[in-house]
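Enquirer: Pasting in a structure now, in structure tokens, and then I'll have a few things to ask.
The values are calculated or read from the model by the stated rules, or taken from the named source; none is laboratory data. Remember, predicted model here, so these are calculated numbers, not experimental data. Neighbour counts are summed over all protein chains in view; Cβ atoms, including those assigned to glycine, are modelled from backbone coordinates with ideal geometry. To get the accessible areas, we keep the full protein, side chains included, count just its heavy atoms, and leave off ligands, DNA and RNA. Shrake-Rupley method; radii C 1.70, N 1.55, O 1.52, S 1.80 Å.
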Amino acid sequence: MIEISDCNLAYVQGASQVQVYDDFSLKVEPGESVVLIGPSGCGKSTLLYLLAGLLQPTGGEIRIWGEQVVGARQKTAFILQEYGLFPWLNVEQNVCLGLRVRHIPKRKYQRAVEEMINKMGLWEVKHHFPSQLSGGQRQRVALARALTLQPDLLLMDEPLSALDALTRERLQKLLLEIWQEQKLTTVLVTHSIEEAVFLGSRILVLADGRPTQVMGEILNPLVGQSGYRQTSEFFQKTSYVRSLLEGGMVG
Ligand SMILES: Nc1ncnc2c1ncn2[C@@H]1O[C@H](COP(=O)(O)OP(=O)(O)O)[C@@H](O)[C@H]1O
Ligand SMILES: [Mg+2]
């Protein structure tokens, strides 16, 4: 579904350049949940911006379903850490925003929006404003807004990192459910090793420094199996990811 071929990207800072990507290639199959994990500054967010069409590579190309990405794509949803909600709109209005921007008539989406608000557990707060919500609720509003657009690609940049541990686990389960139900192709950036193994069907461990390099690629076929978090396989995967991140086992 996604094909990144020999991509280059450099940020220009005054007279100097930061080469973040140098002939970087990556393929993602439909329905995969790819997790990117790696040290700060290694280029994870940049890769999402490239996939979302918000940044253009200076060399090489990115294709989705064979089509070159040249700008923001209708079917790509992008969720950021800071939720991106409008403070003057209530929950329901925030969820509808993407549909309204696309000039879809309200009668066409009203029911789907109500179902989504319900599924995300936001029914009781649907007339509340973002300032009246917890972090977990805000992130669920952002998720509801993205999903009502029926994306075929969901990009998420550390979406749960601002949440407390329990809320975070609840939302991880919700993300897993959505991915399983909708077979939604997902690229997720996280700093949490546990989260990577809980949510990724494939985990890419990125190396420190630039240009960005994949230091390890871990297939995680048991992802989504019930009770996976409590198994020894889960523990083995997290230990392996940790050892790669610590630079113990480059390979
Ligand atoms: N707009 C920018 N201008 C200059 N340098 C940038 C810009 N955005 C990011 N960088 C640099 O590019 C590198 C990769 O950044 P980023 O993709 O945000 O990393 P990550 O998300 O992995 O922390 C970092 O060294 C960062 O300082
Ligand atoms: Mg980042």
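Enquirer: Tilt of helix 91-101 relative to the longest C-alpha principal axis of the chain, in degrees (0 to 90, nearest 10)?
Expert: 70 degrees
Enquirer: Given a 1.4 angstrom probe, what's the average accessible area per residue across the chain, in square angstrom?
Expert: 49 Å²
Enquirer: Run the accessible area of the stretch 135-178 with a 1.4 Å probe and give the carbon-and-sulfur part as a rounded percent.
Expert: 46 percent
Enquirer: A further question follows. Output the pairs from Lys44/Lys108; Lys75/Lys173; Lys27/Lys75 with a Cα-Cα distance over 27 Å in this structure; if there are none, say none.
Expert: Those over the limit are Lys44/Lys108.
Enquirer: If you restrict to DSSP beta bridges whose two residues both lie in the chain, what percentage is antiparallel, to the nearest 5?
Expert: Looking only at bridges with both residues in the chain, the antiparallel portion is about 55 percent.
Enquirer: Excluding residues fewer than 8 places away in the same chain, name every one of the aspartates and glutamates whose C-alpha is closer than 13 Å to that of Lys126.
Expert: Answer for Lys126, where 13 Å is the Cα cut-off: Glu92, Glu114, Glu115, listed by chain and number.
Enquirer: Looking at the chain, which longest stretch skips every one of the trypsin sites (Lys or Arg not before Pro) that is in a DSSP loop with at most 16 other Cβ atoms within 10 Å, leaving the sites themselves out?
Expert: The longest such stretch corresponds to 103-182.
Enquirer: Right, something else. Viscosity 0.890 mPa s, temperature 25 °C: what is the translational diffusion coefficient of the chain from Stokes-Einstein with a Kirkwood Rh over Cα pairs, rounded to a whole number of µm²/s?
Expert: In µm²/s, the coefficient is 129.
Enquirer: Evaluate Rg over Rh across the stretch 86-150, taking Cα atoms for both radii and Kirkwood's formula for Rh.
Expert: Here Rg/Rh amounts to 0.93.
Enquirer: Now a separate question. Between Lys27 and Gln150, how high is the FRET efficiency from 1/(1 + (r/R0)^6) when r is the Cβ-Cβ distance and R₀ = 22 Å? Nearest 0.05.
Expert: Efficiency computed from Cβ-Cβ geometry: 0.40.
Enquirer: Once you charge only the Cβ atoms, +1 for Lys and Arg and -1 for Asp and Glu, what is the size of the charge dipole of the stretch 86-150 about its Cα centre, to the nearest 20 debye?
Expert: The calculation lands at about 260 debye.
Enquirer: Loop sites only, by DSSP: take the chymotrypsin sites (Phe, Trp or Tyr not before Pro) in the chain that have at most 15 other C-beta atoms within 10 Å and name the longest stretch containing none of them.
Expert: In short, 89-251.
Enquirer: Then there's this: Using only Cα atoms, tell me the angle between helix 106-119 and the longest principal axis of the chain; keep it within 0 to 90° and round to the nearest 10.
Expert: 70 degrees
Enquirer: When the helices in the chain are scored as -39500 (n - 2.57) per DSSP H run of 4 or longer and the sum is shared across all residues, what 222 nm value do you end up with, to the nearest 500 deg cm²/dmol?
Expert: -11000 deg cm²/dmol
Enquirer: Which angle from 0 to 90°, rounded to the nearest 10, does the C-alpha axis of helix 165-182 make with the longest principal axis of the chain?
Expert: Once rounded, the angle reads 90 degrees.
Enquirer: Right, something else. Quick one: grab the alpha carbon gyration tensor of the stretch 37-146, order the square roots of its eigenvalues as a ≥ b ≥ c, and give me rounded if a/c is under 1.5, else prolate or oblate depending on whether a/b is larger than b/c.
Expert: Cα axes put the stretch 37-146 in the oblate bin.
Enquirer: Next question. Mind running the shape call on the stretch 1-93? Use the C-alpha gyration tensor, a ≥ b ≥ c as the square roots of the eigenvalues: rounded below 1.5 for a/c, prolate if a/b tops b/c, oblate otherwise.
Expert: Oblate is the answer for the stretch 1-93, as a/c is 1.5 or above yet b/c matches or exceeds a/b.
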